[in-house]
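Working notes for the structure below.
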Amino acid sequence: MFTLLFVAFLLTDILLRFWLANRQIRHVRAHRDHVPDAFAPRIGLYSHRRAADYTMAKTQLMMVERLVEAVVLLGFTLLGGLQFLDLQLGYLIENEMLRQLALIAAVFAIMGVIGLPFAIYNKFRLEQRFGFNRITPRLFVIDCIKTLLLSLLFGTPLAAAVLWIMGNTGTAWAWWAWGIWVLFNVLLIWLFPTFIAPLFNKFTPLDNPDIAERIEGLLKRCGFSVEGLFVMDGSKRSAHGNAYFTGFGKARRIVFFDTLLSRLNADEIEAVLAHELGHFKHRHILRRMVLSFGLALVFFLLLAWLSNQMWFYEGLGVTPQFGRPNDALALILFFLTVPVFTFWITPLMAWLSRRDEYEADRYAADQASSEALISALVKLYDDNAATLTPDPVHSAFYDSHPPATQRIEHLQHVTP
């Protein structure tokens, strides 16, 4: 029965995503030759067509990748792949902790190898075709090696801790595992700006006095303190531009991509930063963290129950090894299949995110300038080849930011 339920949800997920993707492609193609009136004075037809083609290409790649992911999922579960790995590692490794860690590593390694061609195609064909890719094959390989080493450095202790907790803390293990998960994520957030990010990019203090003065004035008006203003050499990997906050408390820092600073003027940079400050002012970041940790607790408690149900394993094509711990098996099965049963959460999370974006836009209009933010957004839409005409249903299901036309219209009606 559970097998049928799993297959039904998987098919529903695939068919729904393919239907949405086809809607997106048809809608973007239908509007490819006409720039929306609100953007016509600032974005040319060539840029609009380029954004449409980029969006359609990304959507097509996503469809292929999703289909491959579904095949891999079936290969691990109902077709016996995970069962085979578990049995083979059981013959080869006597130490139970090492055996279970090896099983987790093997699954992630296989998924990583299967996903690598998509990453390569995305970088060196799709992004290259539209003029965004600036990463060299050498740097790409170095990034992959660094990511692998960091995954081993942080992932191995986390997996070992969770497995030990599952096997040694009784029926309350889910609460202990959740606590470890929360601490791990907080640790990553704390380490990211000073340890992890510098491994991939160079960060230098912002050396533009005019922009720095504008930003410091904005921070003072908003009652916001940071450790420093930094510029990241994002241009060595991509032509896309961005800016973000990172860190905790007084150790927070503002990071600008060099590609962003090269395109926006001081007023526009101030407005973009005011938008990001709006997220902090309205506690959007904190709420998202609390929601994320809350969902993680629900998932751990659900896993604690499912791990004791034989139908959970057998319904997914796996027979646990009796007399040996199967905690890694339960973890892998759960995290492989939980997205299949929770895809319906996607539009809810997207709606919450879009609501936050509107609120941050209002804050930016109050603290800086709605016109400057509109100007900055139009430039970013143009530079990043973001489609101005997404399908409404596709956008409502996926998009974390409001469609361009709606967002600009909202800003035009905001009273400073």
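Test each condition in (1) in contact (Cβ under 8 Å) with a residue 60 or more places away in the chain; (2) not in a loop (DSSP other than H, G, I, E, B) for PRO347 and report the one that comes out false.
The number of the failed condition is (1).
Mind listing whichever residues of the stretch 378-413 are free of Cβ contacts under 8 Å to residues at least 60 places away in the same chain and of a type in the set (A, V, I, L, M, F, W, C)?
ALA396, LEU411
Working carefully through the options VAL231, VAL255, find the one that is touching a residue at least 24 places away in the same chain (Cβ under 8 Å) and under 25 Å from ASN185 (Cβ atoms).
VAL255
Name every residue in the stretch 241-252 that is closer than 26 Å to VAL378 by Cβ and either surrounded by fewer than 19 Cβ atoms within 10 Å (Cβ to Cβ) or free of Cβ contacts under 8 Å to residues at least 60 places away in the same chain (or both), in order of residue number.
Once the filter is applied, which keeps residues that are closer than 26 Å to VAL378 by Cβ and either surrounded by fewer than 19 Cβ atoms within 10 Å (Cβ to Cβ) or free of Cβ contacts under 8 Å to residues at least 60 places away in the same chain (or both), the stretch 241-252 yields ASN242, ALA243, TYR244, PHE245.
If we keep just the residues of the stretch 382-403 that are modelled with pLDDT of 90 or more and not in a loop (DSSP other than H, G, I, E, B), which is surrounded by the fewest Cβ atoms within 10 Å (Cβ to Cβ)?
Out of the qualifying residues, it is PRO392.
So which residues in the stretch 1-50 are at pLDDT below 95 and among the small types (Gly, Ala, Ser), if there are any at all?
ALA38, ALA40, GLY44, SER47
For LYS220, work out the one condition from (1) part of a helix (DSSP H, G or I); (2) over 24 Å from the mean Cα position of the chain (by Cα); (3) touching a residue at least 40 places away in the same chain (Cβ under 8 Å) it doesn't fulfil.
Every listed condition holds for LYS220 apart from (3).
Of the numbered conditions (1) closer than 28 Å to GLU216 by Cβ; (2) surrounded by fewer than 19 Cβ atoms within 10 Å (Cβ to Cβ); (3) in contact with a Leu (Cβ under 9 Å, 6 or more places away or on another chain), ASP366 fails exactly one; give the number of that condition.
Exception for ASP366: condition (3).
Would you confirm whether any residue within the stretch 301-318 is of a type in the set (Val, Ile, Thr), outside any helix (DSSP H, G or I) and either over 30 Å from ILE104 (Cβ atoms) or in contact (Cβ under 8 Å) with a residue 40 or more places away in the chain (or both)?
yes
Name the residue, out of ASN95, ASN133, ASN122, ASN168, that is polar (S, T, N, Q), in contact (Cβ under 8 Å) with a residue 40 or more places away in the chain and out of contact with any Ser or Thr (no Cβ under 8 Å at 6 or more places or on another chain).
After applying the criteria, what remains is ASN122.
The values are calculated or read from the model by the stated rules, or taken from the named source; none is laboratory data. All values derive from a computational prediction rather than experimental measurement. Cβ coordinates were reconstructed from backbone atoms using ideal geometry, including for glycine residues, and neighbour counts include every protein chain displayed.
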